[in-house]
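First up is the structure itself, then whatever we jot down about it.
Please treat every number below as a calculation from the coordinates, not as lab data. None of the values given here were measured: they were computed from a predicted structure. Using ideal geometry, Cβ is built from the backbone for each residue, glycine included, and neighbour counts are taken over all protein chains shown.
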Amino acid sequence: MPELPEVEAVRRRLNPVMRDARFDQVILRREGLRRPFPHDFARRLRGRTVRSVNRRGKYLLADLSSGETLLMHLGMSGSFRISQRRNGGAARRRTADVVRPHDHVTFEMSSGASVTFNDPRRFGVMDLAPSSDLGKHPALGAIGPEPLSPAFSGAALARAVAGKRTSLKAALLDQRVVAGVGNIYASEALHLAGLSPRQQARSIATPSGEPRPSANRLAAAIKTVLREAIDRRSAGPYRESRFRVYDREGQLCARTGCRGTIRRITQTGRSTFYCGACQKR
Ligand SMILES: [Zn+2]
């Protein structure tokens, strides 16, 4: 499932072709994705201009001139394909792009770009919500701080996990604790911070919810692994694995001076990768 860096990379591709552009045509090839499309979906988009494409956690948010925001989530297998129509802006020209299996939605933008959402497993989401009330949307209301914003710090992390007996790894997957972190980058951040994924989440906070040094280390590590991943994604399409621990079971730990081996365990039904030697707690 795409995590924050993958969604941010998509945002950076969509924003240049959608920002300041109108929806000339909205082509829906089915009734919905994970859920039905919102009422009058195509009509509420057609003729509207996108002010900018933003991101909150794993959601893409297109801010529209109508006062509504188009929410988009990639689900498990969603992706966007951008193609240029032969005559940019000419609505009667058909798209140069061929329709492929699982192409569910196409936006023909006045910029000349066709933006197609393809999603074989159909766990993706498209919804519309009033821009002034986004915090009331069920998907966004309870979401925690953006990890790359100043609002996310060791103190914020400690407050969010104070008293939690769940594992530190499971706490990082909770979108109310921090937005956008998933299975891969939780493992990566814990390794960089040198913390065991198995320790109780509350162990990084004092009983009154103040950050211990480990909370500051972990918050900084989350920012670092996400920034590095965004830079990698933006650099090109190469999906070469440069993970520290993720999917590296049985390999030697990459930390300088550590002679440990990466292990895989299952926590709350998901794989966790960590080094038993340098991630004691
Ligand atoms: Zn190690």
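Taking 0.36 nm per residue of separation and subtracting the current Cα-Cα distance, fully stretching the chain between Thr166 and Glu249 would add 27.5 nm. Peptide packing for 260-269, 43-52, 161-170 was compared via the average number of neighbouring C-beta atoms within 10 Å per residue; ordered from the highest value, the list is 161-170, 43-52, 260-269.
With contributions of -39500 (n - 2.57) from each DSSP H run of at least four residues, the per-residue ellipticity at 222 nm computed over the chain stands at -7500 deg cm²/dmol.
Estimated from the Cβ-Cβ distance and a Förster radius of 41 angstrom, the FRET efficiency linking Thr224 and Ser83 is about 0.70.
In this rough spin-label picture, where each label sits 7 Å from Cα along the Cβ direction, the Ser52-Arg12 distance is 1.6 nm. GNM remark for the chain: springs join alpha carbons under 10 Å apart, and the peak mean-square fluctuation among Ala158, Ala201, Ala235 falls on Ala235. Relative to the longest principal axis of the Cα atoms of the chain, the long axis of helix 4-18 makes an angle of roughly 20 degrees. Size of segment 134-209 from its Cα atoms: along the principal axes, largest to smallest, the extents are 36, 30, 22 Å. Of interest is the spacing of the C-alpha centroids, which for segment 1-42 and segment 210-281 amounts to 31 Å. Compared with the rule-of-thumb size 2.2 N^0.38 Å for a compact globular protein, segment 39-188 has a Cα radius of gyration ratio of 1.25. Neighbour counts of C-beta atoms inside 10 Å place Glu228, Glu108, Glu249 in the sequence Glu249, Glu228, Glu108, starting with the fewest. Once the chymotrypsin sites (Phe, Trp or Tyr not before Pro) in DSSP loops with at most 16 neighbouring Cβ atoms within 10 Å are cut out of the chain, the longest remaining piece is 1-122. If you sort the three axes of the alpha carbon gyration tensor as a ≥ b ≥ c, you get a/c of 1.5 or more for segment 175-281 and a/b no higher than b/c, which makes it oblate. For segment 1-90, the gyration tensor built on C-alpha atoms gives a rounded shape. Its axis ratio a/c (a ≥ b ≥ c) stays under 1.5. Where in segment 195-234 is the amide nitrogen less than 15 Å from a point lying 7 Å along the Cα-to-Cβ axis of Arg159? Of the residues in segment 195-234, 205-206, 208-212, 216 have backbone N under 15 Å from the label point off Arg159. Kirkwood hydrodynamic radius computed over the chain comes to 20.3 Å, based on all pairs of distinct alpha carbons. One chain, two ends: Val98 and Arg259. Fully extended at 0.36 nm per residue, the span grows by 52.8 nm beyond their Cα-Cα distance. Pair-distance distribution P(r) for segment 116-161, from all Cα-Cα distances in 5 Å bins starting at 0: 4, 15, 17, 15, 17, 17, 9, 5, 0 percent. Full extension of the segment from Arg34 to Thr268, taken as 0.36 nm per residue of separation minus the current Cα-Cα distance, would add 81.9 nm.
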